Amino acid sequence: MENTTRTKIMEAAEQLLRTRGYSDFSYADLVEQAGIRKPSIHHHFPTKEDLGVAIVSDYLVNFKATLDDTLVCQPTAADRLASYAEFFSEIIEDGSFPLCTALAAELGALPKSMRDQTVQFFNMHLAWLEKVVDIGKAKGEFTKAPDGEQAAKILLSAIEGGAVVGWALSRPEVVRSSFDEIILRWSDVRKPHRSRDSIKK
């Protein structure tokens with residue numbers, strides 16, 4: 001019962017964080033969203049910072065596992081990147097922000113513990129993207145790509161920027177347009193497909 005309640009609180013709070021931002025929701029909003037009394041919320045998470053840290057901590061663990069699985073399950077670098085990018089489109093289609101984007105958008109308003117987590121989150125993105133590009137270059141998929149570190153920064157900037165524009169315009173199809181174009185320019189293989197087996201994080 002305790003674990004079920006805790007999970008329900010975290011899921012509701014994550015949705016609020018994605019749609020309203022950390023600074024713009026309270027435990028009163030969480031009571032309404034989750035249907036759980038405020039004393040129960042405080043029992044599991046004495047402070048809002050405790051709740052935020054728990055959400056991002058769990059997310060980082062699950063996200064890393066999913067990225068690792070994607071390296072194994074998707075056969076090519078282009079497929080891996082397509083799966084990664086599709087996640088951002090699907091999140092916008094569902095009416096919320098990717099968690100990393102939501103956190104970065106109000107970095108200055110976050111407590112230090114969550115700012116540190118956000119930096120860790122983005123470094124995880126960059127390390128994975130760099131690895132995928134390096135593998136793709138070694139296999140001859142990305143003949144025109146820059147070095148892996150620079151390529152990772154370009155790709156992450158493109159998809160994060162696309163998420164913001166797609167959110168602002170309510171046009172999910174915009175989210176990965178620049179990302180896909182970059183991959184197409186780097187590759188002599190094919191344009192990345194819109195995988196439905198996208199990363200779930």
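Every number in this text was worked out from the coordinates using simple rules, so none of it is lab data. All figures in this text were calculated on a predicted structure; none of them were measured in a lab. Note: ideal-geometry Cβ built from the backbone for every residue, glycine included; neighbour counts use all protein chains shown.
Compute the FRET efficiency between L107 and L71 as 1/(1 + (r/R0)^6), taking r as their Cβ-Cβ distance and R0 = 22 Å, and round to the nearest 0.05.
0.20
Grab the DSSP H runs of the chain that are 4 residues or longer, score each as -39,500 (n - 2.57), total them, divide by all residues and round the 222 nm result to the nearest 500 deg cm²/dmol.
Computed mean residue ellipticity for the chain: -23500 deg cm²/dmol.
Between rounded, prolate and oblate, where does segment 115-155 land on the alpha carbon gyration tensor, with a ≥ b ≥ c its root eigenvalues, rounded for a/c under 1.5, else prolate if a/b exceeds b/c?
It comes out prolate by the Cα gyration axes.
Rounded to the nearest 20 Debye, what is the dipole magnitude of the chain about its Cα centre when Lys and Arg each give +1 and Asp and Glu each give -1 at the C-beta?
100 debye
How large is ³J(HN,Hα), in whole Hz, for each residue of segment 172-182 in order, when computed from phi with the Karplus curve 6.51 cos²θ - 1.76 cosθ + 1.60 and θ = phi - 60°, using x for Gly and Pro?
Each residue's phi maps through the Karplus curve to give x, 5, 6, 3, 10, 5, 5, 4, 5, 5, 4 Hz.
Label-point separation (nm) for N62 and A168, each offset 7 Å from Cα along Cα-to-Cβ?
About 2.9 nm, to one decimal.
Compute the distance in nm between two label points, each set 7 Å from the Cα along the Cα-to-Cβ direction, one at T4 and one at D24.
If labels sit at T4 and D24, their model points lie 3.3 nm apart.
For segment 48-186, how many pairs of lysine residues have a Cα-Cα distance under 25 Å, where the two are 8 or more positions apart or belong to different chains?
14
Could you work out the relative contact order of segment 1-105? I mean the mean sequence separation of Cα pairs under 8 Å and 6+ apart, divided by the number of residues, in percent.
Result for segment 1-105 is 34 percent.
R115 to H43: FRET efficiency via 1/(1 + (r/R0)^6), r the Cβ-Cβ distance, R0 25 Å, to the nearest 0.05?
E(calc), rounded to 0.05, equals 0.40.
Explain nothing, just the number: relative contact order of the chain, from Cα pairs under 8 Å at least 6 residues apart, as a whole percent.
So the answer I get is 26 percent.
GNM, the chain, Cα, under 10 Å: largest mean-square fluctuation among T143, T70, T101?
Top of the fluctuation ranking is T143.
Quick one: 3J(HN,Hα) in Hz for segment 117-133, Karplus 6.51/-1.76/1.60 with θ = phi - 60°, rounded, Gly and Pro as x.
Values per residue, Gly and Pro as x: 5, 5, 4, 4, 4, 5, 5, 5, 3, 4, 4, 5, 4, 4, 4, 5, 5 Hz.
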